[in-house]
Amino acid sequence: MPSLPSDETLQKILTELEPDGHLGALLTVQMGGTPEEVQLLLQTTEFEETLNALRPTGSYIIRCLGVREHRVSVGLFNTMVYSETHPLLWNHNYAFQQVYFNGMPDNVDALMLDLTQLYGQHYGNFRTMADDLNRAIPLGKLLTSGRGLLGEMPIPMTEKVQKLLESHGMTVSLIASDQNPPEVQHALLVMDDSFFIAQLYSADPIQAKD
């Protein structure tokens, strides 16, 4: 089941945008009272076939508090999703581990393709494998060396990478990174190509002025 935000107004916005023909419009994105607060001004709409136009159904402000990462594209969007478990949160909600390997794969190109696909399956276009890899040496050369540090990544991804490397006949060692585990869990809010990763979200309706 998808996660539900604790904020009731944000739940209402998500419900409003579920039916077909209901679109959101991200109008403005602005900084809040602190550097880690982002405010979103958006409108919910419904497509009216008789008028061949969008009819506004509500206007809201969403406050994203404790923002750690975001990507913004203003304008219309089809879907809004809230999640507390999405892979994009792994970098913020889990400790990291270093992935060391021993052995050479039978087919280096096949392993590189599998690694690329693994990242694509979980992160889509929002993250790339290069973000986590050992950049001191090209990946192909590293894998043909027979041993070394593949990279550093959050624990859920290290577990998947370990299984993949082992399926190619390699042995893997995981070593905890020198960092403190996250103190606060973060949640994800996605609007098509836009996303926000923050500690807390709150929303309020914007009343129309007379």
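The values are calculated or read from the model by the stated rules, or taken from the named source; none is laboratory data. Since we're looking at a predicted model, the values are computed, not measured. Cβ coordinates were reconstructed from backbone atoms using ideal geometry, including for glycine residues, and neighbour counts include every protein chain displayed. Side chains included, ligands, DNA and RNA excluded: accessible areas come from the protein's heavy atoms. Shrake-Rupley method; radii C 1.70, N 1.55, O 1.52, S 1.80 Å.
Below, the figures for the structure above:
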| quantity | calculated |
| --- | --- |
| Cα centre as origin, Lys/Arg/Asp/Glu Cβ charges: the chain dipole, Debye | 620 |
| Rounded, prolate or oblate (a/c below 1.5 giving rounded, otherwise prolate when a/b exceeds b/c) for segment 32-108 by Cα gyration tensor | oblate |
| Sum of -39500 (n - 2.57) over DSSP H runs of 4+, divided by residues of the chain (222 nm, nearest 500) | -6500 deg cm²/dmol |
| Per residue accessible area of the chain, 1.4 Å probe, in Å² | 56 |
| Segment 88-210, relative contact order [Cα under 8 Å, separation at least 6], % | 40 |
| Trypsin sites (Lys or Arg not before Pro) restricted to DSSP loop in segment 117-210 with at most 13 other C-beta within 10 Å | ARG135, LYS209 |
| Exposed-site-free run, longest, the chain (rule: GluC sites (Glu not before Pro); DSSP loop; at most 12 other C-beta within 10 Å) | 50-182 |
| Three-way shape label, segment 134-202, alpha-carbon gyration tensor, a/c 1.5 | prolate |
| Total charge dipole magnitude, segment 112-199, about the Cα centre, Cβ charges on Lys, Arg, Asp, Glu only, Debye to nearest 20 | 360 |
| Of all accessible heavy-atom area on segment 31-121, the percent that carbon and sulfur account for (1.4 Å) | 50 |
| Span from the segment 104-161 Cα centroid across to the segment 24-96 one, whole angstrom | 31 |
